[in-house]
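We did not get these values from a lab; they are worked out from the coordinates using the rules stated. This is a predicted model, so every value here is computed, not measured. Every residue, glycine among them, receives a Cβ derived from its backbone with ideal geometry; neighbour counts consider all protein chains shown.
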Amino acid sequence: MLQIRKLPLIVFALLIVVFPWIARGVPAIANYPDLMVFAGIYCLITIGLSLLMGYAGQISLGQAAFFGIGAYVSAILTAKYGMNPWICMAIGMVAASIVAVLVGVPSLKLRGHYLAMATLAFGIIVFIIFNEEGEWTGGPDGLIGIPGLNLFGFQFNSVEKYYYLVWFFVFAVFLFTINIIQSRDGRALRAIHVSEAASSATGVNVSRYKIVVFVYSAILASLAGSLYAHYLNFINPSTFDLFFSIKLLIMIALGGMHDIWGAIIGAFLITFLSFEWLHFFEEFEIIVYGLILLVVTIFLPQGLAGIPHMIKNWLRR
Amino acid sequence: MDEERTDTILEVNDVVMAFGGLTALINLNFQVRRGVIKAVIGPNGAGKTTLFNVITGTFPPTEGAIFFKGQSIEHLKAHEIARLGISRTFQTVELFTNMTVLENVMVGCHMRTKSSFIASGLRLSTVRRKEEHMREKAIGILKFIGLADKCNESADSLPLGERKVLEIGRALATEPTFVCLDEPAAGLNETETLAASNLIRRIKDQGVTVLLVEHDMRVVMDISDDIMVLNYGEKIAEGPPVEIQNNPRVIEAYLGGGEEYDA
């Protein structure tokens, strides 16, 4: 039975809560809470992507586009029109889900490489729009002056405050997704992954589920985009390019696609690698990612989250 | 005529299924009476599985009509047909290999339960109750098919015989009134075949109509009430087992030189 245990979840939550205090005391990791904000933002995307790819088996190479849609909707509406950021965040999610339906209805009929190509093309098109529609998006220079977030007068104006805000969202989304996985909907998604024929013969509305999970992943990416924009107060298109979509894929492949924890582990590792540990490689960084992907697919097809399972199987033998 | 109508659960009228140049089913007409086991036999490539695929909505027929309980279904999608009460198994077992035995059957319970994505995500108490209900129902089915002791094993780890049985269990979980079983005894040993025959009989005893494709003639002759013979997409004979066994056209087209040829 697919059971996600509570204990690791509680331990993880406690670690997240106390981490900023620890970081305050250790100069070497003083900047880690800032990285953790980004890790949390990426976690939001990878959780959705893990449900979409790992559980339902649908490839998306266009998640950066939904991340960008959230970021740009928030940025444009707040910076240019002075609207309430929380409302803009919601508008971003609605916009992302509409786009997801429009893209998903035709492309989710495709499978495997074809679905990958369709979502890849979608991602590239959106990236071009961010670059070219300068009147709205500020073109390649991007948008500045995106306000920070506040709630009932409480300003999320420090790294630590924003850290707790982001991780609040991550936990809400994580729990929601875990519940989905353990419900009849989660079983339906996993069923689709293995056999669409058997799923529909068993009464699962395959196309509806594919759309729902695609929309869900788009909404999460959009939420992440809004949080990203309000944290940095500045965005430009290069954040939302094809390489970012691939990086997201590397995150869940490294962490392990078939386990929702893999989404968290992968987002963490890749964030710290790219912001902190791989500076040394500079432009060769991309080669390191390639190597990671290669090693993982050959030696760890279940990702890092699959290691305990591998050890268990190995011991049984 | 009226009496015959109510007695008929499935009616296939002039169904043609063409794949490009290949016509897999040619003007096929037949009926299935409620509560019987009807077998469809015929040499490989006769169109038996295609017939199943057309009835269960894998693809719509090129021409013709199919009525289930008087309702036309040939234009419906597979999951809509399943909802009306037609369920099936596959010739090459299509289990959800990433799930446990119990979960496979619980997917079968899926469509007879309702819950929104959001309610599931929030794990509302109604969702928890339904989940518990589905689990109990699935365990009941596993007991019926004799796999209750394996409920937490991975479906992938079962031997072929049990995988076939599990697939039947998953089909039963959809609460069908009509099941299409595609070669339930293929690849099974003698004991397993006997158990499968028994299971199919018990399914019939529950009031479920069975449409059966099977190559094992002992199973077919033993449990069927009615047999239809296909050859190259055409019906060449139909009737009770004794009649079919002695039909010269069937012997010529299907059994070839003698019975051991097929067995």
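Numbers for the structure displayed
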{"quantity": "Checking A:Gly139 against (1) surrounded by fewer than 21 Cβ atoms within 10 Å (Cβ to Cβ); (2) under 30 Å from A:His258 (Cβ atoms), the condition it does not meet", "calculated": "(2)"}
{"quantity": "Some residue of segment A:56-63 being without any contact (Cβ under 8 Å) to a residue 24 or more places away in the chain, surrounded by fewer than 24 Cβ atoms within 10 Å (Cβ to Cβ) and more than 25 Å from A:Glu276 (Cα to Cα)", "calculated": "no"}
{"quantity": "Pairs, first more than 21 Å from A:Val213 (Cα to Cα) and facing chain A (nearest Cβ under 9 Å) in segment B:114-134, second among the polar types (S, T, N, Q) and surrounded by 12 or more Cβ atoms within 10 Å (Cβ to Cβ), C-beta under 8 Å, six or more apart", "calculated": "B:Lys130/B:Thr113; B:Lys130/B:Ser115; B:Met134/B:Thr113"}
{"quantity": "Count - residues of segment B:94-113 that are more than 7 Å from chain A (Cβ to nearest Cβ) and under 18 Å from B:Cys151 (Cβ atoms)", "calculated": "5"}
{"quantity": "Residues that are surrounded by fewer than 18 Cβ atoms within 10 Å (Cβ to Cβ) and hydroxyl-bearing (Ser, Thr, Tyr), drawn from segment A:110-127", "calculated": "A:Tyr114"}
{"quantity": "Qualifying residue in segment A:174-187 (condition: surrounded by fewer than 24 Cβ atoms within 10 Å (Cβ to Cβ), more than 12 Å from chain B (Cβ to nearest Cβ) and closer than 30 Å to B:Thr113 by Cβ)", "calculated": "no"}
{"quantity": "Residue satisfying condition, being closer than 30 Å to B:Met134 by Cβ, loosely packed, with under 14 Cβ neighbours inside 10 Å and within 22 Å of the chain's Cα centre (by Cα), within set A:Ile4, A:Ile47, A:Ile10", "calculated": "A:Ile10"}
{"quantity": "Those residues of segment B:79-93 which are buried (at least 17 other Cβ atoms within 10 Å of the Cβ) and either in contact with a helix residue (DSSP H, G or I) (Cβ under 9 Å, 6 or more places away or on another chain) or at the interface with another protein chain (Cβ under 8 Å from one of its Cβ atoms) (or both), in sequence order", "calculated": "B:His79, B:Ile81, B:Ala82, B:Ile86, B:Ser87, B:Arg88, B:Thr89, B:Phe90, B:Val93"}
{"quantity": "Segment A:278-317, residues that are hydrophobic (A, V, I, L, M, F, W, C) and either touching a residue at least 24 places away in the same chain (Cβ under 8 Å) or surrounded by 12 or more Cβ atoms within 10 Å (Cβ to Cβ) (or both)", "calculated": "A:Leu278, A:Phe281, A:Ile286, A:Val288, A:Ile292, A:Leu293, A:Val296, A:Leu300, A:Leu304, A:Ala305, A:Ile307, A:Met310"}
{"quantity": "Check on B:Lys143, out of contact with any Leu (no Cβ under 7 Å at 6 or more places or on another chain), within 12 Å of chain A (Cβ to nearest Cβ) and surrounded by fewer than 21 Cβ atoms within 10 Å (Cβ to Cβ)", "calculated": "no"}
{"quantity": "Filter result (touching a Gly at 6+ places or on another chain (Cβ under 7 Å) and farther than 18 Å from B:Val165 by Cβ) within segment B:185-225", "calculated": "B:Gly207, B:Thr209"}
{"quantity": "Count of segment B:66-77 residues which are touching an Asp or Glu at 6+ places or on another chain (Cβ under 9 Å), without any contact (Cβ under 8 Å) to a residue 40 or more places away in the chain and either of a type in the set (Phe, Trp, Tyr) or facing chain A (nearest Cβ under 9 Å) (or both)", "calculated": "0"}
{"quantity": "Where a residue in segment B:183-197 is under 12 Å from B:Leu212 (Cα atoms) and in contact (Cβ under 8 Å) with a residue 60 or more places away in the chain and its partner, wherever it lies, is among the basic types (Lys, Arg) and not in a loop (DSSP other than H, G, I, E, B), with Cβ under 7 Å and at least six apart", "calculated": "B:Pro184/B:Lys164"}
{"quantity": "Index of the failed condition, A:Thr78 passing every other in (1) touching a Cys at 6+ places or on another chain (Cβ under 6 Å); (2) among the polar types (S, T, N, Q); (3) within 16 Å of A:Asp241 (Cβ to Cβ)", "calculated": "(3)"}
